[in-house]
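The block underneath contains the structure these notes are about, expressed in structure tokens.
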Amino acid sequence: MLVYHLKNNKIIKQQELNDNQIPPESTADNPLIYLFADEPISADVISIITKSSKKAITSELSIHNPRFESHDNLDLICAKVINFSKNSTPSDVVHIFLQKESLIIACSNISGIEEIFQKINTENTVNLNFGRILWTFFEQLIAQNNSYIESFENRVNQLDEDVLLKKQRANFITDLMKIRKQLMYLKRFYQQLSDIFSFIDENDNEFFDDKTIKLFKILDNKADRLYSNVISLSDYISQIREAYQSDIDINLNKTMNLCTIIASIFMPLTLITGWYGMNLKMPEYAMPYAYPVVVTLSVLIVIGCIIYFKKRKWFM
């Protein structure tokens, strides 16, 4: 566990503790930030800091659904983190326990949190508080989203061009469903973030000042816009899939049309073959030109069928 304290609008590392050590108590004059990185995260220590029951803290840590809960003198936030560099779906979970004089952040990977602390220190933020730290965390959480969604748009546009140019791709449906699945995660991610921001705006415990609330409202609007972009891309994916399916149906109809034409051409020939294949003595067997006449008739039937089908524009 790492302990930081706020001093002169800076986040300063105070000490590093193990699970056996009792964490220092946070006060109004010395507000502390507790950063937990161990797995499993110690519910005992968190219950000591927040003065809450261990059973309640253990229950909260076991639930990984993104949410915001407001209790007496304690706000709980659970958020999922997308690793945009790996183009992956949400996986990492961050639990945040906020009180008037303390902030607890529990996650499996603390490197990103430490980078946020460094960023805050370089910005020289005036009147730095826990609310501003949380705003910076969520702002960084969706900072790369525009470029990430643009990469999705480029991939979707490429799939659309493949459909228009009728390019045959063996993994077309696989790529399409993979993008659709990732968009589904993004849709859920932005929707849950928007819910968290809405609860923060209510500010039941009055942990956030008016300026921080305004910043969260701006962030909420940004999350709503990103959510709308994801919805639009999902609709676009559905349209591309319908267009691709229509193209497959058209190609199948062309194949069936060709098979029907071939069957129609050879049907009269099959009738003639069956007629003369019977074990009966036909009168024309004695005619010297019977065979050439039958061959000529068969050729004329084929030519006549082809001309008829072309006039009817059955040949595409």
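Data for the structure
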item	result
Selected residue (criterion: farthest from L128 (Cα to Cα)) from residues of the range 7-24 that are without any contact (Cβ under 8 Å) to a residue 24 or more places away in the chain and open to solvent by less than 60 Å² (accessible area, probe 1.4 Å)	L17
E101 modelled with pLDDT of 85 or more, open to solvent by 10 Å² or more (accessible area, probe 1.4 Å), under 31 Å from the mean Cα position of the chain (by Cα) and among the acidic types (D, E)	no
Test: residue in the range 252-259 that is touching a residue at least 60 places away in the same chain (Cβ under 8 Å) and either in a helix (DSSP H, G or I) or in contact with a His (Cβ under 6 Å, 6 or more places away or on another chain) (or both)	yes
Pick from the range 104-139, criterion of a type in the set (S, T, Y) and within 16 Å of T212 (Cβ to Cβ), ranking: surrounded by the most Cβ atoms within 10 Å (Cβ to Cβ)	T136
Test: residue in the range 174-188 that is at negative phi, surrounded by 15 or more Cβ atoms within 10 Å (Cβ to Cβ) and of a type in the set (D, E)	yes
Subset of the range 80-89 [open to solvent by 30 Å² or more (accessible area, probe 1.4 Å), in contact with a Ser or Thr (Cβ under 9 Å, 6 or more places away or on another chain) and modelled with pLDDT under 75]	N83, N87
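Residue-by-condition table, conditions (1) open to solvent by less than 20 Å² (accessible area, probe 1.4 Å); (2) of a type in the set (S, T, Y); (3) in contact with a Leu (Cβ under 8 Å, 6 or more places away or on another chain):
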{"site": "S26", "(1), (2), (3)": "yes, yes, yes"}
{"site": "L32", "(1), (2), (3)": "yes, no, yes"}
{"site": "L35", "(1), (2), (3)": "yes, no, yes"}
{"site": "V45", "(1), (2), (3)": "yes, no, no"}
{"site": "A56", "(1), (2), (3)": "no, no, no"}
{"site": "L61", "(1), (2), (3)": "no, no, no"}
{"site": "P66", "(1), (2), (3)": "no, no, yes"}
{"site": "H71", "(1), (2), (3)": "no, no, no"}
{"site": "C78", "(1), (2), (3)": "yes, no, no"}
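The values are calculated or read from the model by the stated rules, or taken from the named source; none is laboratory data. Computed from a predicted model, the values in this text were never measured in an experiment. Positions of Cβ are backbone-derived with ideal geometry, glycine not excepted, and every protein chain shown enters the neighbour counts. In case anyone asks, the SASA skips ligands and DNA or RNA and just uses the protein heavy atoms, side chains included. Shrake-Rupley method; radii C 1.70, N 1.55, O 1.52, S 1.80 Å.
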